[in-house]
Amino acid sequence: MDKQLLSKTAAAMVAKGKGILAADESSGTCEKRFKSVNVECTEENRRAYRNLLFSTPGIEQFLSGVILFDETTRQKANDGTPIPEYLSNKGIVPGIKVDKGTVQLPLALQGELVTEGLDGLFKRLEEYFKLGCRFAKWRAVITIGEGMPSSACIRANAEVLARYAAACQGANIVPMIEPEVLLDGNHSIERSEEVHEATLRATYEALPRYNISIEHLILKTSMVVAGKDHSRQASVEDVAERTVRVLKRTVPSAQPGIVFLSGGQSDEAATAHLNAMAAMQNLPWPLTFSYSRALQNPALKTWRGQAGNVGAAQKAFHHRAHMNALAAQGKWKNELERQAA
Ligand code: 13P
């Protein structure tokens, strides 16, 4: 384990005033996103869209890293440079999604999931390292529902996350562990807080069993919010306070940083929540974004697969990245959105 390299990568990922773009949608997820704007989900369209994002002028001011999907690590930017190298040349750390998606957890309630992808993982990581990737992501999914999550589901996902993290550190790739508690459902924010705490506690108990170095690990977490069908949605301050409280209870201060997923929150809610948390004093770790939808939505809607819309789509992407980079420093204000509109 090259601790110096891992430390350097982790520090770059959570550099002040920057955050991470998740552009690692699987081809299936990409198909859904493209369908919403009537774009055919071909390999070339996926490449063209991602090239649009990565070549946005000045985007490196706001992005410390990008999470790629396997296909993208083997594609080229418009100028012919392999995409991982294209990103590194801009000072953006290339990362890679390495999990293979979720399946039903056997003998658990219908809808309880566990993530696959451990078989052959170390070999794949060695190849991704050669392709230029310096961090990896693995998403575990926890669903809140009647009798869910069970302790079996929480535990199974924690073990798998820890085994994945060990393989990454062994391959000199920084693991980004992502236990996502879904916001689907009608649960209260109190219930979300409880489930986040149980999930994170189990995850951080599993890590030492596999000799993981906490100093060389990034957490990607969901925020503590009420289920999207719940009648009462919490204030920005309430979400921020509960999320940070859970993180302080469960995540060691030795960890280099924490990033958030947007999980289906509106673009501005994801920005406002991050801003409220980052503005808090004396946090033990840097906090920033690792959004997919909340960074890309306006760009995708503007692009619609038309070459003539590329400039406007890049402007929309630049704006969201800028707003979130300010939020990561607690410097975002609602008025900034209105000025830009
Ligand atoms: P969202 O920000 O759209 O939730 O995506 C982040 C992510 O990487 C999910 O795994």
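Taken as a whole, the condition of being modelled with pLDDT of 95 or more and either among the aromatic types (Phe, Trp, Tyr) or more than 19 Å from the chain's Cα centre (by Cα) (or both) does not apply to residue 219. All conditions in (1) within 16 Å of the ligand (Cβ to nearest atom); (2) within 16 Å of residue 306 (Cβ to Cβ); (3) of a type in the set (S, T, N, Q) hold for residue 64, with the sole exception of (2). Among residues of the stretch 75-90 that are of a type in the set (D, E, K, R), those with a Cβ under 7 angstrom from a residue that is part of a helix (DSSP H, G or I), sequence gap 6+ or separate chain, pair up as 76/83; 90/60.
For the stretch 312-328, enumerate the residues that are part of a loop (DSSP other than H, G, I, E, B) and either within 13 Å of the ligand (Cβ to nearest atom) or farther than 30 Å from residue 245 by Cβ (or both). If the condition is that a residue be part of a loop (DSSP other than H, G, I, E, B) and either within 13 Å of the ligand (Cβ to nearest atom) or farther than 30 Å from residue 245 by Cβ (or both), then no residue fits. If you go through the stretch 129-164 and keep only what is part of a strand (DSSP E or B) and either more than 20 Å from residue 217 (Cα to Cα) or over 20 Å from the mean Cα position of the chain (by Cα) (or both), you end up with 142, 145, 148.
The number of residues in the stretch 1-30 that are more than 19 Å from the chain's Cα centre (by Cα) and free of Cβ contacts under 8 Å to residues at least 40 places away in the same chain comes to 2. Of the residues making up the stretch 187-212, those that are out of contact with any helix residue (DSSP H, G or I) (no Cβ under 6 Å at 6 or more places or on another chain), of a type outside the set (Lys, Arg) and over 18 Å from residue 112 (Cβ atoms) are 188, 189, 190, 205, 208, 211.
Residue-wise test of (1) surrounded by fewer than 21 Cβ atoms within 10 Å (Cβ to Cβ); (2) free of Cβ contacts under 8 Å to residues at least 24 places away in the same chain; (3) within 14 Å of the ligand (Cβ to nearest atom).
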position: 230; (1), (2), (3): yes, no, no
position: 245; (1), (2), (3): yes, no, no
position: 250; (1), (2), (3): yes, no, no
position: 273; (1), (2), (3): no, no, yes
position: 288; (1), (2), (3): no, no, yes
position: 293; (1), (2), (3): yes, no, yes
position: 302; (1), (2), (3): yes, yes, no
position: 310; (1), (2), (3): yes, no, no
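The values are calculated or read from the model by the stated rules, or taken from the named source; none is laboratory data. Worth saying up front: this structure is predicted, and the values here are computed from it rather than measured. Positions of Cβ are generated from backbone atoms using ideal geometry, with glycine treated the same way; all protein chains shown enter the neighbour counts.
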